[in-house]
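Here is the structure we will look at.
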Amino acid sequence: MRKTIFKSTAAVLALSAVAAGLPGLASAQDGKKFKVFLSLSYSGNAWQSEAANIVKALAQTAPYNEMVELREVISGTDPQAQISAYESMIDEGADAIISFPISSTALNRTIKRGCDEGVLFFMYDATVTESCAYNVSYLSSGFGENSAQALVNALEGKGKIFLSRGVPGNSVDQRHTDGAMHIFNQYPGIEVVAEYYSYWDDRTTQQETAKALTANPDVDGIWAQAGEYGAIQALLDAGDRLVPMTGENSAGFRLALADPEMQAKGLTGVSAGSPPAQSGYAFKLAMEILTGQRELEPMNIEYPLPWVPADAVKVCEGDVYENGCNVFPPEKVPASFVSEVLNPVLLPEVNVESALNGTPVPGATIQPLPAEVIEAANLPGINCGSCEAPEDIYKLTKVEATVQP
């Protein structure tokens, strides 16, 4: 079951004082900076770049800029390479490791060793099953099942569909697909005619979707993870027909959903999915613990699921999300820009330039996080080992079924 965990009023006030620049309340011991590592496994797409840039921008924002020595390490998709990277970070005296883990289980032994030596491990988006690590993720908030039901609703319960997945073996991809298939399997009229890994990348998604279209040009819908705008491009390259599609948060996809011309070609759907802002949230939580402003035992922390249907898309006029806007125009960001990288509540210190370039906002200061932290549901093999999943693990939270199996 989920629960809400609160920090003390004194801690809130203390961090407020730090944000205001008062001396002596939160600094590394003996004037030394906290040694924090940003450990990426898979990299090279817009999502990973933005997630890393947000952490870099925060680390350069006062007072963190005087308190943190941040180092970035990219180890690739081989779990052994990330294990070796973790070992080096531990040996170099890391205070905290903020990481996108490539495996939910393979890294556990090294993580446990680091925890035993006092290292804080904060995973973002992807998760591990080692209980001494903090997992900051939206995985338990239901992207797979909610987006799948939205697609089923749009198709009125029948049709041929593609599954555009993420990175093989990653906990994020597995949880998304498990949730989606829980829904699709309830509808005999839904036929998965192609399933492929797109590595959460627009170009790869476009290439893999094009291959699938060669064998199945009459596809009726696409369920996609990140890289979904590439699927739209593949469909347009194949002809002048679009189909109902669910995807994540790219600016290209979000703008397309609200484009009357795209709608006229057949595009409907919802923009949900994984927020790169999770990395910044994880980093700020780790810093609040390191600076003594928050007491929080290792736990699975839920980040809320974004949910933006076509009629809720609103283009921003400035550099931040305000007045309900949720996507930047094409002259400001590329189509691959992941819109959920900013969060005005959790990350008010950063803006679109921070996400694009890793630069801090001039004059900004770190603001305290909200007092409450939401505990995520157990996901066996994904964010916990010897645990049981809740009976309603695949419950719908954002959409209702409008068609029966």
*Listed residues 240, 218; which is assigned by TED's automatic domain parsing to the domain that holds residue 197, more than 24 Å from residue 189 (Cα to Cα), of a type in the set (Asp, Glu) and out of contact with any helix residue (DSSP H, G or I) (no Cβ under 8 Å at 6 or more places or on another chain)?*
240
*If you go through region 162-176 one residue at a time, how many are open to solvent by 10 Å² or more (accessible area, probe 1.4 Å) and either without any contact (Cβ under 8 Å) to a residue 12 or more places away in the chain or under 16 Å from the mean Cα position of the chain (by Cα) (or both)?*
2
*asked:* So, in region 122-154, exactly how many residues are touching a Pro at 6+ places or on another chain (Cβ under 6 Å), assigned to a loop (DSSP other than H, G, I, E, B) and surrounded by fewer than 24 Cβ atoms within 10 Å (Cβ to Cβ)?
replied: 1
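I need the full set of residues from region 249-270 which are touching an Asp or Glu at 6+ places or on another chain (Cβ under 7 Å) and either within 20 Å of residue 329 (Cβ to Cβ) or without any contact (Cβ under 8 Å) to a residue 24 or more places away in the chain (or both), in order please.
Residues satisfying the conditions are 249, 250, 253.
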_Residue check for residue 330: open to solvent by 40 Å² or more (accessible area, probe 1.4 Å) and either within 25 Å of residue 377 (Cα to Cα) or not in a loop (DSSP other than H, G, I, E, B) (or both)_ = no
*Identify the single condition in (1) of a type outside the set (S, T, N, Q); (2) free of Cβ contacts under 8 Å to residues at least 24 places away in the same chain; (3) not in a helix (DSSP H, G or I) that residue 112 does not satisfy, given that it satisfies every other one.*
(3)
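Residue-by-condition table, conditions (1) surrounded by 21 or more Cβ atoms within 10 Å (Cβ to Cβ); (2) not aliphatic (A, V, I, L, M):
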site: 33; (1), (2): no, yes
site: 44; (1), (2): no, yes
site: 47; (1), (2): yes, yes
site: 51; (1), (2): yes, no
site: 58; (1), (2): yes, no
site: 68; (1), (2): yes, no
site: 96; (1), (2): yes, no
*Which residues, taken from region 336-379, are free of Cβ contacts under 8 Å to residues at least 60 places away in the same chain and open to solvent by less than 30 Å² (accessible area, probe 1.4 Å)?*
351, 352
*Please tell me if residue 102 is within 24 Å of residue 205 (Cβ to Cβ), open to solvent by less than 50 Å² (accessible area, probe 1.4 Å) and assigned by TED's automatic domain parsing to the domain that holds residue 123.*
yes
*asked:* Checking residue 389 against (1) under 25 Å from residue 143 (Cα atoms); (2) under 19 Å from the mean Cα position of the chain (by Cα); (3) of a type in the set (A, V, I, L, M, F, W, C), only one condition comes out false. Which one?
replied: (2)
_I'd like to check something: does region 285-295 contain any residue that is within 24 Å of residue 397 (Cβ to Cβ), outside any helix (DSSP H, G or I), modelled with pLDDT of 95 or more and open to solvent by 10 Å² or more (accessible area, probe 1.4 Å)?_
no
*What residue, among those in region 177-200 that are part of a loop (DSSP other than H, G, I, E, B) and of a type in the set (Gly, Ala, Ser), is surrounded by the fewest Cβ atoms within 10 Å (Cβ to Cβ)?*
189
*Here are 49, 84, 8: which of them is out of contact with any strand residue (DSSP E or B) (no Cβ under 8 Å at 6 or more places or on another chain) and at pLDDT below 85?*
8
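The values are calculated or read from the model by the stated rules, or taken from the named source; none is laboratory data. What you are looking at is a predicted structure, and each value in this text was computed from that prediction instead of being measured. All Cβ positions, even for glycine, are placed from backbone atoms using ideal geometry, and neighbour counts span all protein chains on display. To get the accessible areas, we keep the full protein, side chains included, count just its heavy atoms, and leave off ligands, DNA and RNA. Shrake-Rupley method; radii C 1.70, N 1.55, O 1.52, S 1.80 Å.
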